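*Asks:* First the structure, which I've put down as structure tokens, then a few questions once you've had a look.
Since every read-out is calculated from the coordinates, none of them should be taken as a lab result. The structure presented is a predicted model; accordingly, all values stated were derived computationally and were not measured. Here the Cβ positions follow ideal geometry from the backbone for every residue, glycine too, while neighbour counts run over all protein chains shown.
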Amino acid sequence: MPIYDTPVPLPKRTTSLCHICLKPVDATIYEKNGQIWMAKECPEHGAFDELYWSSAEMYHKAEKFSYNGAGVQNPQLTLQNACPYECGLCDVHLTSTSLANVDVTNRCNLRCEWCFANAHARGYVYEPSFEQLREMLATLRQEKPVPTLAVQFSGGEPTLREDLPEIIKMAVEMGFIQTQIATNGIRLAKDDTLARKLRQAGLNTVYLQFNGVSKETDGLIELKKKAIENCRDAGQGVVLVPTVARGLNDHEVGQIIYFAAQNVDVVRGVNFQPMAFTGGASEFTSAVRNAQRYTLPDLALSIEQQTNGQVKTEDFYPVPCVVSISKLIEAYTQTPQIEFSTHPHCGIATYLFVEDGQLIPINRFVDVDKFFELTQKLAGNLNNGGVLRKPAALMRGLMALNSLVDEEHQPKGVQFKEIIKTVLLTHDYKTLGDFHKKALFIGGMHFMDAYNYDVERVKRCAIHYAAPGGLIIPFCAYNSGPSYRDAIEKKYSIPLEEWERTKGKLQFEGLT
């Protein structure tokens, strides 16, 4: 039985939003001039065409990995076709939480014009108490069939909370095996002890805002470099997170990757995020929006051009490509696994290795297409076989997977066959962690705005926000469209003036 769903032919129907009144409208996704577009019409505000993906070829490749996950067994709401206007998670959601975002404050030491999470712009301070945070984390750990394993503390600027080390330590004690913070790096740069304190508390990854390698694209570049140095001294892994907009910094995506490669001992990856027109950016004119719209195929093409073909567009795969690996482990262990069953058009990724100054994508020594085909087939065979036949079937499968590895061309120090064997046979994820330390993850995640909103993507979102009151809400529903962020933050916040009377004026430490 196939794991992945049969691709839906174009044109296909979905539900979107009118970006003016935010009411749901019928939409059609269709192909035009080698690109993918979304057409929709609001009875009150008229018809709109929005670019969905700039490459039809890449769209169809990603569509082959469509997968409807089983969602959660203990949804908080029971709904009938109300998505995305009631959420929390509900029984029509198809993907469990792969990564949870927990906003620990909306205070920030920057004032970025496009930010949707800044206390100064909002006029109130949202900062859950330590006990509220404990309850939010507990809700995530109670998710079934697989408790949430990865959490990112975000904001605002999470390092403004003095108790951040205690928050991270609490998460580790509650069973989260991956903890990270999303930060602008200012505090990490200015306080030489902070990175070490966070690492000792159990922090795995610093998700560092990093919009370019020059002062023109990132005015805080020298502070970012200092933050990375402090993380290096602390043994703290870093992922660079550039927000990319056409005409602003898209010409530096290759240089960002080369910068990561030069610092591969501490930088674990780069996760590009094409700009979503939310928050302050939602008010950009249509001319500005159309000029700056930058989709995932645009990103892949920019990377190919700016790395002189060392990394190619075909090296990238959609996030749910790894579902077959999860299903294989699940079939062998009879234990539910995290399924990265994100919508195939939400994100793309590949792995690079750095050797003698060259970038070597994993595709150069592993037949990735056949690898995914074989893991899918092997998972099906294990599900159809009896318990006693599973070890033999898995060993035969491992031999077949090993045949897809070209050892002559794999980078020095990379034993990919051993990694496959260890992960599948012993489920030793420390080995997988060691692999990530040798490899450089290059990904792109394009979050939605009201203009390109697709409810089918919301239903398959794997990155969720935990909020006070026991709510778990998909990322794009929380931040765009009907936007739960406003209502939740206002409910659990205090006016900015009141906060500043008792705590002191907000301090801005970087460029504004």
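*Asks:* What ranking of SER341, SER324 emerges when the number of other C-beta atoms within 10 Å of each C-beta is taken as an exposure proxy, fewest first?
*Replies:* Listing SER341, SER324 from fewest to most nearby Cβ atoms yields SER324, SER341.
*Asks:* Quick one: if the Förster radius is 35 Å, what FRET efficiency do ARG501 and CYS21 give, using the C-beta to C-beta distance and rounding to 0.05?
*Replies:* After rounding, the FRET efficiency stands at 0.40.
*Asks:* Explain nothing, just the number: relative contact order of segment 146-247, from Cα pairs under 8 Å at least 6 residues apart, as a whole percent.
*Replies:* Once normalised by length, the contact order is 27 percent.
*Asks:* Can you work out the Karplus-derived ³J(HN,Hα) for every residue in segment 367-374? Use 6.51 cos²θ - 1.76 cosθ + 1.60 with θ = phi - 60°, whole Hz, and x for glycine or proline.
*Replies:* Computed from phi, the couplings for segment 367-374 are 7, 5, 4, 5, 4, 5, 4, 6 Hz.
*Asks:* If you average the C-alpha positions of segment 343-383 and of segment 306-334 separately, how far apart do those two centres end up, in angstrom?
*Replies:* 4
*Asks:* Order of LYS505, LYS225 from fewest to most other C-beta atoms within 10 Å?
*Replies:* LYS505, LYS225
*Asks:* Under a Cβ-only charge scheme (Lys and Arg +1, Asp and Glu -1), can you give me the dipole magnitude of segment 1-138 about the Cα centre, in debye to the nearest 20?
*Replies:* Its charge dipole is roughly 180 debye.
*Asks:* Also, quick follow-up: Dipole of segment 472-512, Cα-centred, from +1 at each Lys and Arg C-beta and -1 at each Asp and Glu C-beta, to the nearest 20 debye?
*Replies:* 100
*Asks:* Another question about this same structure. Rank ASN101, ILE3, ALA27 by how far each Cα sits towards the positive end of the charge dipole of segment 1-101 (+1 on Lys, Arg Cβ; -1 on Asp, Glu Cβ) and give me just the farthest.
*Replies:* Of the listed residues, the answer is ILE3.
*Asks:* Further question on the same structure: How much mean residue ellipticity at 222 nm does the chain get from its helices, if each DSSP H run of length 4 or more adds -39500 (n - 2.57) and you divide by all residues, to the nearest 500 deg cm²/dmol?
*Replies:* Taken over the chain, the calculation gives -9500 deg cm²/dmol.
*Asks:* On to the next question. Using modelled backbone amide H atoms (1.01 Å from N, in-plane), which distant-in-sequence or interchain residues come within less than 5 Å of ASN101's amide H?
*Replies:* For ASN101, the qualifying residues are GLN152, HIS464, TYR465, ALA466.
*Asks:* So what's the gap between the Cα centers of segment 456-512 and segment 29-49, to the nearest angstrom?
*Replies:* 30
*Asks:* Taking the Cα centre of the chain as origin, sum charge times position over the Cβ atoms of Lys and Arg (+1) and Asp and Glu (-1), and report the length of that vector in debye to the nearest 20.
*Replies:* The calculated dipole for the chain is roughly 820 debye.
*Asks:* Express the relative contact order of the chain as a whole percentage, based on alpha carbon pairs under 8 Å and six or more residues apart in sequence.
*Replies:* Taking the mean separation of contacting Cα pairs over the length of the chain, I get 20 percent.
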